[in-house]
1. What number of residues within region 115-147 satisfy the criterion of being among the hydrophobic types (A, V, I, L, M, F, W, C) and closer than 16 Å to Ile194 by Cβ?
2. For region 134-221, which fully contained helices (runs of 4 or more DSSP H) count at least 1 residues that are in contact with a Pro (Cβ under 9 Å, 6 or more places away or on another chain), at pLDDT 95 or above and surrounded by fewer than 18 Cβ atoms within 10 Å (Cβ to Cβ)?
3. Take region 174-227 and flag every residue that is within 18 Å of Val82 (Cα to Cα) and of a type in the set (Phe, Trp, Tyr).
4. Please verify whether Val66 is crowded, with 19+ Cβ neighbours inside 10 Å and either touching a Leu at 6+ places or on another chain (Cβ under 7 Å) or in contact (Cβ under 8 Å) with a residue 24 or more places away in the chain (or both), treating the condition exactly as stated.
5. From Thr74, Thr126, grab the single residue that is part of a strand (DSSP E or B) and either over 22 Å from the mean Cα position of the chain (by Cα) or closer than 30 Å to Asp161 by Cβ (or both).
6. Quick test for you: out of Gly71, Gly83, Gly63, pick the one residue that is at pLDDT 95 or above and among the small types (Gly, Ala, Ser).
7. Within the set of pairs 6 or more residues apart or between chains, which connect a residue that is within 12 Å of Met146 (Cα to Cα) and among the aliphatic types (A, V, I, L, M) inside region 187-205 to a residue that is part of a strand (DSSP E or B) and modelled with pLDDT of 95 or more with Cβ atoms less than 8 Å apart?
Amino acid sequence: MVSRVILSLLFLAIHAIIVAQSDHAKILVKCMDYQDKLLSGEQIWFQVKNSTKLYKGITDVHGSFVIELKGSETYLILVKSVGDALNYSEISIPTLKEGESYGDMEIIVKINPPKEFTLDHVFFETGKSSLKKESFAELDELFELMNVKPNLEIEIAGHTDDVGNEQSNLSLSQKRSETVKLYLVNKGIPDHRIIAKGYGESQPIAGNNTEEGRQMNRRTQVKVLKE
């Protein structure tokens, strides 16, 4: 998930230049944090409004990428994270007159990448550490995140509700976090970049007196240790 995200757009110029006509605008996209540190490996998507058509980009080591967007369209600007693609703004590419073309254009996206987030769609068999198949899509997104951010190191934190024996819950949460780590390692993430740790029932985020609360407490979290 992305938390406390502010997206600011800086349009340097959209000039109509009398040169060969093009119906695509070439845009330099930059991503940085609140301290103006450029961020690599950030996924920024442009979705044609009222459509499923997407244009995707990932920032390089300089925190930027160049993307070409078709004119005469309005695009939702999405910041992609694990399990989410959050919409924060939109941009309209104007229609050109005959003989005109687009000039330089720049967009700056400012975000605070989350230091901790929950894998909302990772599920285990009841009382076991084996993953349900519906977990794979979100884990694959986590793999992609680690793949495009080669310096990223994380902790996989497993949590349970308080049903059952405390020591058994601690053991189960450890096994579940290790299962998630193994899934990522088997896909190619180096072992040293992931720590698996189970916390059992010791860190509830809701009351255990309702099924809804217990479900919230049974969770797998990702903690960013190094970026």
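1. Residues of region 115-147 among the hydrophobic types (A, V, I, L, M, F, W, C): 117, 119, 122-124, 131, 136-137, 139, 142-143, 145-146.
Okay, now just the ones that are also closer than 16 Å to Ile194 by Cβ, so 117, 119, 122, 131, 139, 142-143, 145-146.
The qualifying residues number 9.
2. On the way: elements: 136-148, 166-187, 211-217.
Ranges flagged: 211-217.
3. Tyr183
4. Numbers: crowded, with 19+ Cβ neighbours inside 10 Å: no; either touching a Leu at 6+ places or on another chain (Cβ under 7 Å) or in contact (Cβ under 8 Å) with a residue 24 or more places away in the chain (or both): yes.
No: the conditions fail for Val66.
5. Numbers: Thr126 fails: part of a strand (DSSP E or B).
Testing whether each residue is part of a strand (DSSP E or B) and either over 22 Å from the mean Cα position of the chain (by Cα) or closer than 30 Å to Asp161 by Cβ (or both) leaves just Thr74.
6. Details: Gly71 fails: at pLDDT 95 or above; Gly83 fails: at pLDDT 95 or above.
When all the criteria are applied, what remains is Gly63.
7. That search, which allows pairs on different chains as well, returns Ile194/Glu153; Ile194/Ile154; Ile194/Glu155; Ile194/Ile156.
The values are calculated or read from the model by the stated rules, or taken from the named source; none is laboratory data. The structure displayed is predicted, hence computed values, not measured ones. Ideal geometry is used to build each Cβ from the backbone, glycine not excepted, and the neighbour counts take in all protein chains shown.
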